[in-house]
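Have a look at the structure below before the remarks.
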Amino acid sequence: MAMMKKSSAIKIVFVIGVAVLIVLNAYTFAVAYPETYSVSPGINTSGTILAKDFSAYYMGAWRLWNNPAHIYNFGALNDGEPTILPHPEEYKYLPSFLLIITPFLSMNYQQALLAFDIAQFALLPVMAYLLYKLLGNKPLAVTFIVMIIALLLPFPTPQRGFSLSYYWQWGEGQAKVFDTFLLLLSLYVGSRGRPYLSGAALALGFFDPRFGLLALPLFIMYNRKNLKASTVSLISSLALSNVMLLYPGMASNFMSMVLASAVTTPLYYYSLIPFFTLIALMVVNFKELIAAFDYKGTFGNFTGAKPPKN
């Protein structure tokens, strides 16, 4: 009985700790809110004055439905598109992400940026739940360390709140929280034996291919019993959600963008949110990752080969 009470007390402290992380993030959100209106180079290392990163998504979604061949064109076009001053950012993701942004076109740019930030902030408790379930067999102290990385990534800075990464995530209207959520969702449903949902979630999270690729080892680990089904789902969902690349001119512009600017894009502060979250999951699951890449086990399931009898 005493052990049960102690365990319950530890879990209550854990929940309170997670709540504190989200509150600290909320404070960082409030500090970053004025940044969404500022006209400055922002986090842009070249010093070029552009609209916030969300402008790339907003303009890209508008062009997807009105001028699809030019979603990867940099700058404003004289074709009746929304005016975003001083200039919209360049869109650098797969076109599938623009389907997610499309509902935000019902609002003006500034309203849509705030709504997108709020929608992502609401995902933080869900991310906490997914991480708790993914790390259910780990000590709570280890799980909480991963929570700190994913939910706050603390780096207190004057006038930037408790996290430099989350300050710029909210201030630029970035999509890294949404991407992290999709990647964690893919791993969670995979761990629950739902390979088709796992593959579809990872395909959506592949809109920034850097983190989709980084998540692949964990995707294999959590889907090791259903690797063939999850892989088929990933590939088919990725192809279906990006079928618009077949539109004349879109694929060529996409490749031009990748070769010209995407490959040289650095890991900005907000990119560290999915990056360090995935790295943390790899570190705490290191033994499981090694076991998952046993050909006779995981990849035997993929090929249908049966491990030899001892």
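Results for (1) touching a residue at least 12 places away in the same chain (Cβ under 8 Å); (2) touching a Ser or Thr at 6+ places or on another chain (Cβ under 9 Å); (3) over 27 Å from F254 (Cβ atoms), shown as yes or no for each residue.
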{"site": "A32", "(1), (2), (3)": "yes, no, yes"}
{"site": "I49", "(1), (2), (3)": "yes, yes, no"}
{"site": "Y57", "(1), (2), (3)": "yes, no, no"}
{"site": "E81", "(1), (2), (3)": "yes, no, no"}
{"site": "L85", "(1), (2), (3)": "yes, no, no"}
{"site": "L113", "(1), (2), (3)": "yes, yes, no"}
{"site": "A122", "(1), (2), (3)": "no, no, yes"}
{"site": "L131", "(1), (2), (3)": "yes, yes, yes"}
Subject >> Check on N253, farther than 21 Å from L281 by Cα and crowded, with 20+ Cβ neighbours inside 10 Å >> reply: no
**OP:** Could you name every one of the helices (runs of 4 or more DSSP H) located completely within region 216-285 that has at least 2 residues being at pLDDT 95 or above and among the aromatic types (F, W, Y)?
**Re:** 272-284
**OP:** Kindly indicate which of L94, L98, L130 is outside any helix (DSSP H, G or I) and at pLDDT 95 or above.
**Re:** L94
Original post:
Which of (1) at pLDDT below 95; (2) in a helix (DSSP H, G or I) does R210 not meet, given it meets every other one?
Top reply: (1)
Original post:
Within region 149-176, which residues are closer than 15 Å to K52 by Cα and basic (K, R)?
Top reply: K176
Subject >> Residue match in region 35-46 (condition: among the aromatic types (F, W, Y), in contact (Cβ under 8 Å) with a residue 60 or more places away in the chain and closer than 24 Å to A201 by Cα) >> reply: no
Original post:
Give me the pairs: first residue in region 175-188 and within 15 Å of S230 (Cα to Cα), second residue in a helix (DSSP H, G or I) and aromatic (F, W, Y), beta-carbon distance under 9 Å, and six or more apart or on different chains, which are they?
Top reply: L183/F211; L183/F219; S186/F219; S186/Y222; L187/F219; L187/Y222; Y188/Y129; Y188/Y222
**OP:** Inspect region 192-200 for any residue being among the charged types (D, E, K, R) and surrounded by 23 or more Cβ atoms within 10 Å (Cβ to Cβ) and give the result as yes or no.
**Re:** no
**OP:** Look through L153, L131 and report the one residue that is at positive phi and out of contact with any Asp or Glu (no Cβ under 9 Å at 6 or more places or on another chain).
**Re:** L153
Subject >> Positions within region 117-175 being surrounded by fewer than 21 Cβ atoms within 10 Å (Cβ to Cβ) and of a type in the set (D, E, K, R), in sequence order >> reply: K133, K138, R160
Subject >> Criterion violated by N137 - all others in (1) under 30 Å from K11 (Cβ atoms); (2) of a type outside the set (V, I, T); (3) in a helix (DSSP H, G or I) satisfied >> reply: (3)
Subject >> Selection status of R210, farther than 16 Å from S271 by Cα and of a type in the set (K, R) >> reply: no
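The values are calculated or read from the model by the stated rules, or taken from the named source; none is laboratory data. Owing to the predicted nature of the structure, the values given are computational and were not obtained by experimental measurement. As a convention, Cβ positions derive from the backbone with ideal geometry for all residues, glycine included, and neighbour counts pool all protein chains shown.
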